[in-house]
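The next block holds one structure in the form of structure tokens; read it before the comments.
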2 protein chains.
Amino acid sequence: MDYDRLRELGQQLRVDAVRAADAAGSGHPTSSMSAADLMAVLLAGHLRWNPATPDDPGNDELVFSKGHASPLLYALYAAAGLIDDEELLTFRKEGSRLEGHPTPRLPWVKVATGSLGQGLPVGVGMALAARRLDRTPARIWVLCGDSELAEGSMWEAFEHAGHEGLDNLTAVVDVNRLGQRGPTRHGWDTAAYARRVGAFGWHTIEIDGHDVAAIDAAYREARETTGRPTAILARTRKGRGVSAVEDQEGKHGKPLPDAEEAVAELGGRRNLRVEPRLPDAEDHPARPEPGPLELPRFDVGDRVATREAYGRAVAALGGARADVVALDGEVSDSTKARHFAEEHPDRFFEMYIAEQQLVAAAVGMQARGWRPYVSSFAAFLSRAYDFVRMAAVSRADLNLVGSHAGVAIGEDGPSQMGLEDLAAFRAVHGSTVLYPCDANQTARLVAAMADAEGVRYLRTSRGETPVVYGPDEEFVIGGSRVLRSSGEDKVTIVAAGVTVHEAVKAADRLAAAGVPARVVDLYSVKPVDAATLHEAADATGRFVTVEDHWPEGGVGDAVMDAFADGRPVPRMTRLAVRTMPGSATPEQELRAAGLDADAIVAAAHDLAVTD
Amino acid sequence: MDYDRLRELGQQLRVDAVRAADAAGSGHPTSSMSAADLMAVLLAGHLRWNPATPDDPGNDELVFSKGHASPLLYALYAAAGLIDDEELLTFRKEGSRLEGHPTPRLPWVKVATGSLGQGLPVGVGMALAARRLDRTPARIWVLCGDSELAEGSMWEAFEHAGHEGLDNLTAVVDVNRLGQRGPTRHGWDTAAYARRVGAFGWHTIEIDGHDVAAIDAAYREARETTGRPTAILARTRKGRGVSAVEDQEGKHGKPLPDAEEAVAELGGRRNLRVEPRLPDAEDHPARPEPGPLELPRFDVGDRVATREAYGRAVAALGGARADVVALDGEVSDSTKARHFAEEHPDRFFEMYIAEQQLVAAAVGMQARGWRPYVSSFAAFLSRAYDFVRMAAVSRADLNLVGSHAGVAIGEDGPSQMGLEDLAAFRAVHGSTVLYPCDANQTARLVAAMADAEGVRYLRTSRGETPVVYGPDEEFVIGGSRVLRSSGEDKVTIVAAGVTVHEAVKAADRLAAAGVPARVVDLYSVKPVDAATLHEAADATGRFVTVEDHWPEGGVGDAVMDAFADGRPVPRMTRLAVRTMPGSATPEQELRAAGLDADAIVAAAHDLAVTD
């Protein structure tokens, strides 16, 4: 290694970070400058990748967990010849791929970062994929900030990686001692971090993060360490190299006061080019082609929980497709992911009760081309909401399955009831939200999810519900089913999941009472089947929606989405959970929440006779 | 201490837990039995509280972070004479206070638990309040499970409590080695936990959790330890005392197979009563009465960011009211909570980048009677969504303030843009959601939030916006403002926050073009001002909603809430963010998202001329 050249490369990265932020008029140059030497040595001496084939599983991955250091990342790409100087200076401008925080608009960025504490847990998912799925020697390098070590998700990652002995994972922590508004908890006390990370089973190395020889040695030590991951705790100075900002408070997240002077102090512009170090050529056996899918079949009239149907369907899907993997948060007995675990133990990942790491690992795996199905209780997926939000920014393809939805779970009470999940996941950009009412429908939707795009959420129920659809019926994303209709319907009842069964009972009673009612099973909550809803609106002009969810953001609001284009809107009565439930039997809960057949009959009757 | 009696008390707690779960037909007796000796010794020998005055700040707090061990908690209350045997056997039945997981329907339960990993961070908030606000010698005891040590939020708590040296906090970890579906990561290796917790600055004690003398000694040691919190890592056996279930997999979360036999094996029913050990009588000086509130005043026409108005208003509120506290997640320079920190350093809490602990601490503080204001970026509050969900189950009164909302932040890009916050917080039971458009309105709403109930969310903006309301205008929760109207309005534009200013511009252009438009500033997104919306619907029959948020769950859906009772619904066109934004200037972002005055004019015009 030519250490003088590495020092020069570090200065070049600083210069380019300063220039990019100056051109943008915003950004985080000082947070880039602290880590410049760390990244110079990594790029020139240790990262093995072929930028021409970014999706090759033999490539190392580099994740900027401290995403705000994006100017440094883009300066690295410039040094590697992947972007030119003109593009570098488009940083943060409209239309540029060089966003304020990295996103996969650049082909070498596999996941978006910028919400702190996410890059390392995503890196754990990549390292698990490389080790257990891809079976390549690829290494995952994650540049972390010191501030983000306060995030619990980082410790979920340290624990999981330590437990799995992921020696293909290296965390490089840029300990520049200054956060957004002042000093971090531990300042430059890298020993404090080393004690903590070491206690979680990691190998730790403390270095001066501006000593290129020490950095080089640390990376070599990380690559040679077997049986456990390595954390390099590097003492650095924020804004390193420019006296106007170096190691000063109040210099976070803004361009340097005088970029020209700063570039001069850094020794001026350089034009070093770094040839990527390619990974060893290896045969990566292609995954087997999909085989025939034999979904489980359930008999109409039997009672089967949709969570059970999920477990059996995803296990069947795993049999047909070698790219399907499943992850669960230590509740696979309840979510029924255990069926997959039993049939495909090599592709099942027990993530324990750490929902952030659970979702992040799936994001990391899909970034390497795998198709993850993630399960926990619907309520507990809310723990990972920021990760799901960021998964959408990452353009991730991801299946989430939340069980134990709604008051219908009964005795366990409100802490276990997913009652905001439809709202939360509908409000994720590009998401799909599905809520099946029976076992055959569930199985079909589990299969349909596999090839959908974006974040797909499936809501399952705890209790057994009657099978109402035959095993050969097809269900597409964006569809619905009309379960009752006549030429004289006076009102439309729109239901999903457990309330479908109550709606059918209600419609039969309404018909007997001379108020024929249409029933729509809105199993695809997002996207909604607008055509069927429009037809029902034209026919009846009155809708009762009924959902085991808070009134906000769920089925009722989804129905309205179909009428947001200026067309006439049906009159609406919305039945939803409006008081805080306690413990009771499922039947008592549905009755208390006003979601049972009696409540639907009353609401539909009232609405049908409204002027 | 009479250790024989303590052992008997432990058996009584087991017997009552078994009986309660048996009567319910569900519940978690085995998870209760592992911790019975730990809790027997705590109740009889160390917990100092007066159950007759549960809100006395001199009381110790007992939090069941492993909320599923609720039968044990209720058995403790029975042993303390607070509930009788008849009520004990109502466990999990409709109407009972004894829910599946503890909630504040019982006066001695200050916070709901049942989503794992929350009790300890909430306990940190209680310990901070006791130490820094109440200034009482009260101790906070938190019973934790071993499975939940996988949750990152626990490590946020360990880090924060260690850093603060909270020696009034004790974590009692019931290491029964079995989770929901099998063994935990570390089994009975309490040393593995001790290394980790110890590295975070805690005193640790490893004991046999069924040895009452060892438990007693550990509690004494915890009480005598100064300068740091204590974690007691207790090896226990799940289902302890009943051979049919003890230390066996597959026995989680279900009643014992034969309760009668189990009770017999445990030595039969007992009727021991434990007199609460009262705290030392102390004078707790009453907090000063509220003084006059002098909110900041902003001049109409000036440009002020609503986040700046938040910071100055909450600082003023802190001056008038001694019960107001503020917490921030290491972004107080951006949220402007720094104004409070500067004026009231004793009541400001820097929680670093750990949003779960941030919100949990506030939940703990409000449980002891304080009024917390919690700030971070709107996007990053999504990190704590499960804590907010549980805060509602806890009946917590809590103010959340999310800054940097929407695409209008500009260059930082989508990772920093809160675009799902309105949906997420509207879907929290009993919540209030506010989104002011100017500085004086913000200040008024900050004051109004203080006395609202439940979870209150205020959304602030990064950029400066013109002050349009005078400093003496009043704004109530549930209100709105009509900014433009005439007798001939053809369409209503409903906006909030940054889009209000675009809507006014649009309305002025529409009026000039012969299409008079009403403009409603819907600053109270939940509850909505239904009367004003109904009046606008009657007058115009057509609504354009415009919001800097994804289309789902925000202002558009909030407007529909006012028409969910069967009345005629206006025709709607909804303008919202429909594509993934990148980096750009705020003006470019609003234009690209179709939220600027041009887009509003076009949409309103089209809708106004629709048949």
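Bear in mind that the values in this text are calculations on the coordinates, not laboratory data. Computed from a predicted structure; not experimentally measured. Counting neighbours? That spans all protein chains shown, and the Cβs are built from the backbone with ideal geometry, glycine included.
Can you sort B:VAL263, B:VAL520 from fewest to most other Cβ atoms within 10 Å of each residue's own Cβ?
B:VAL263, B:VAL520
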Revision key, fill the gap. Shape descriptor, the protein assembly as shown: equivalent ellipsoid semi-axes (Cα gyration tensor, sqrt 5λ, whole Å, largest first) stand at 41, 40, 32
Review point. Which whole number gives the average count of other chain Cβ atoms within 10 Å of the Cβ atoms across peptide A:543-550?
Key: 2
Check your understanding: Could you give, in nm with one decimal, how far A:GLY369 is from each other copy of that position, shortest first, with labels 7 Å out from Cα toward Cβ?
Key -> 6.4
Point to revise | Cα centre as origin, Lys/Arg/Asp/Glu Cβ charges: segment B:303-466 dipole, Debye | key: 400 debye
Revision key, fill the gap. A correct fewest-to-most ranking of B:ILE83, B:ILE493 by other Cβ atoms within 10 Å would be B:ILE83, B:ILE493
Check your understanding: How far is helix A:530-540 tilted, in degrees, relative to the longest principal axis of the Cα atoms in chain A, given as a value from 0 to 90 rounded to the nearest 10?
Key -> 30 degrees
Exercise for review: With +1 on each Lys and Arg Cβ and -1 on each Asp and Glu Cβ, and nothing else charged, work out how big the dipole of chain A is about its Cα centre, in Debye to the nearest 20.
Suggested key: 600 debye
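Segment B:163-235: Rg/Rh from Cα coordinates, Kirkwood Rh?
0.99
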**Study point:** Calculated label separations, B:HIS163, copies of the chain, 7 Å along the beta-carbon direction, nm
**Key:** 2.5
Revision key, fill the gap. Of the convex hull drawn through the C-alpha atoms of segment A:302-353, the volume per residue in Å³ is 68 Å³
Study note, to complete from the structure: homo-copy label distances at B:VAL609 (7 angstrom along Cα-Cβ), nm, one dp, ascending, are 4.5
Exercise for review: Assuming R0 = 30 Å, can you tell me the calculated FRET efficiency for the pair B:ALA513 and A:LYS254, based on Cβ-Cβ distance, to the nearest 0.05?
Suggested key: 0.10
Point to revise | P(r), alpha carbons of chain B - 10 Å bins starting at zero, rounded % | key: 3, 17, 24, 20, 16, 12, 6, 2, 0
Check your understanding: Per the Cauchy relation, a quarter of the hull surface: what is the mean projected area of the convex hull of the alpha carbons in segment B:303-466, in nm²?
Key -> 8.1 nm²
Practice item. Work from the charge dipole of the protein assembly as shown (Cβ charges, +1 for Lys and Arg, -1 for Asp and Glu, about the Cα centre) and give the residue of B:GLY318, A:GLY329, A:VAL124 farthest towards its positive end. Key: A:VAL124
Check your understanding: Taking the axis that carries chain A onto chain B, what is the nearest Cβ in chain A, and at how many Å, to the whole number?
Key -> A:GLY152, 1
Check your understanding: Using the alpha carbon gyration tensor of segment B:481-608, what are the three equivalent-ellipsoid semi-axes (square root of 5 times each eigenvalue), largest first, in whole Å?
Key -> 22, 18, 12
Review point. Tally Lys and Arg at +1 and Asp and Glu at -1 over the other residues with C-beta under 9 Å from the C-beta of A:ALA75: what net charge comes out?
Key: +1
Point to revise | Value of Rg/Rh across segment A:452-556 [Cα atoms, Kirkwood radius] | key: 0.96
Review point. What is the antiparallel percent of DSSP beta bridges lying wholly in chain A, to the nearest 5?
Key: 15 percent
**Study point:** B:ALA264-B:ARG223 pseudo-label distance in nm [points 7 Å out on the Cα-to-Cβ vector]
**Key:** 4.0 nm
Point to revise | Averaged over B:96-103, number of beta-carbon atoms from partner chains that fall within 10 Å | key: 5
Practice item. Please give the helix A:306-320 orientation as an angle from the longest Cα principal axis of chain A, in degrees from 0 to 90, rounded to the nearest 10. Key: 50 degrees
Point to revise | Neighbour net charge for B:GLU464 - beta-carbon separation under 11 angstrom, K R +1, D E -1 | key: 0
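Calculate, in nm to one decimal, what A:GLU473 and A:LEU278 gain on full extension: separation in residues at 0.36 nm each, minus their alpha carbon distance. Let's see the in-between values first.
Numbers: separation 195, 0.36 × 195 = 70.20 nm, distance 4.97 nm.
Net length gain for the segment: 65.2 nm.
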Practice item. For B:LEU458, list long-range residues whose amide hydrogen, built 1.01 Å from N in the peptide plane, is under 5 Å from its own amide hydrogen. Key: B:LEU400, B:VAL401, B:GLY402, B:LEU434
Revision key, fill the gap. Ranked on Cβ counts within 10 Å of their own Cβ, fewest leading, A:ARG383, B:ARG444 go B:ARG444, A:ARG383
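Within chain B, how many lysine pairs that are 8 or more places apart, or on different chains, have C-alpha atoms less than 16 Å apart?
Value for chain B: 6.
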Check your understanding: In the neighborhood of A:ASN59, defined by Cβ-to-Cβ distances under 13 Å, what is the net charge if each Lys or Arg adds +1 and each Asp or Glu adds -1?
Key -> -2
